[in-house]
Amino acid sequence: MILNPLGIEIEQTVFAYSPKTHSELANVIFIRYKISNTGLVNDLLDSVYFVIWSDPDIGDYVNDLVGSDTTLNSGYCYDNGIDGKYGINSPSFFSTLIQGPVSYIPNVTFNDVNNNNKYDEGIDEPLDTAKSLFGFICKQNLSWCIK
């Protein structure tokens, strides 16, 4: 599949802890993204899916399958059959987003009282609560940014 540029900028911060000082986080890597619409291609991006994806190369990796599950905010990789290194009992790999973007879905996350298919604070009735941990969410010129 070929995808044309969307005009977005992605800033990424990656950090982890030393297993010597934080053994409980020995195999955890934190990645934080700031995704901004530059407006150079589209003024508004709607119907956007955010997923996590990786290709960890399990064993001899010739028959690895990868995928993403948007409902679980997760990505996965596993062997499709017998692996040359691990045999029939090869491991799998699973990555999970700690926090995904805020979603406003009419009649799922809010009651769309005025039927305009967008969330209007003070008019529409929220059915769920969105929280931004260790950051903030803003709305600029009808396009959302998550920092």
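What the table shows:
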{"read-out": "Within segment 73-92, tally of residues that are touching a strand residue (DSSP E or B) at 6+ places or on another chain (Cβ under 8 Å), of a type outside the set (Ser, Thr, Tyr) and surrounded by 15 or more Cβ atoms within 10 Å (Cβ to Cβ)", "value": "4"}
{"read-out": "Those residues of segment 49-81 which are in contact (Cβ under 8 Å) with a residue 24 or more places away in the chain and among the hydroxyl-bearing types (Ser, Thr, Tyr), in sequence order", "value": "Ser54"}
{"read-out": "Residue within segment 103-121 that is open to solvent by 100 Å² or more (accessible area, probe 1.4 Å), of a type in the set (D, E, K, R) and closer than 30 Å to Lys34 by Cα present", "value": "yes"}
{"read-out": "Single condition Asn27 does not satisfy, out of (1) under 20 Å from the mean Cα position of the chain (by Cα); (2) surrounded by 11 or more Cβ atoms within 10 Å (Cβ to Cβ)", "value": "(2)"}
{"read-out": "Strands (runs of 3 or more DSSP E) enclosed by segment 34-147 - at least 1 residues per element that are of a type outside the set (Ser, Thr, Tyr), under 19 Å from the mean Cα position of the chain (by Cα) and modelled with pLDDT of 90 or more", "value": "64-69, 74-79"}
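The values are calculated or read from the model by the stated rules, or taken from the named source; none is laboratory data. In this text the structure is predicted, and so the values were computed from the model without any measurement. Using ideal geometry, Cβ is built from the backbone for each residue, glycine included, and neighbour counts are taken over all protein chains shown. Areas reflect the complete protein model, heavy atoms only, side chains present, ligands, DNA and RNA absent. Shrake-Rupley method; radii C 1.70, N 1.55, O 1.52, S 1.80 Å.
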